[in-house]
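Here's the structure we're looking at; comments come further down.
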Amino acid sequence: MIAKDGAYLVFVEVKYRHTEQSGRAAAAVNRKKQRMISRTAQFYLLRYGYGQEADCRFDVVAFDGKKIHWIKNAFDCC
């Protein structure tokens, strides 16, 4: 998901786990997934004329059952 928060363009990865049997939802956003999200964000910025110097951040919204965790600025661009 892509959203605006003030001057920031926010790239949000949303993960859901019904139970913690296969791990917590936020843990699924590992280094490999972060690189893929970063590359997609770079493409988006260039495609829509923002340039690579645009103010942006990467958030993760993780649903573990009924618990919601919003991690702002969860990782830096890789």
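The values are calculated or read from the model by the stated rules, or taken from the named source; none is laboratory data. Please read these numbers as outputs of a predicted model, since none were measured by experiment. Ideal geometry is used to build each Cβ from the backbone, glycine not excepted, and the neighbour counts take in all protein chains shown. Side chains are part of the model used for accessible areas, which takes the heavy atoms of the whole protein and leaves out ligands, DNA and RNA. Shrake-Rupley method; radii C 1.70, N 1.55, O 1.52, S 1.80 Å.
This model, with +1 at the C-beta of Lys and Arg and -1 at the C-beta of Asp and Glu, gives the chain a dipole about its Cα centre of some 320 debye. The residues of region 25-71 have, on average, 69 Å² of accessible surface per residue, using a 1.4 Å probe with all protein chains present. Other residues with beta-carbon under 15 Å from the beta-carbon of Phe11 carry, at +1 per Lys or Arg and -1 per Asp or Glu, a net charge of +3.
Considering only alpha-carbon pairs that sit under 8 angstrom and 6 or more positions apart, the relative contact order computed for the chain is 37 percent.
Against the chain, whose longest principal axis comes from its Cα atoms, helix 31-47 is set at around 30 degrees.
For the chain, with all protein chains present and a 1.4 Å probe, just round the carbon and sulfur fraction of the accessible area to a whole percent. Walk me through the numbers before you get to the answer.
Working: 2880 of 5540 Å².
The computed percentage sits at 52.
When peptides 34-40, 57-63 are sorted by average Cβ neighbour count within 10 Å, with the highest value leading, the order is 57-63, 34-40. In nm, what is the difference between 0.36 nm times the number of residues separating Ile71 and Gln21 and their Cα-Cα distance? Length gained, Ile71 through Gln21: 15.9 nm.
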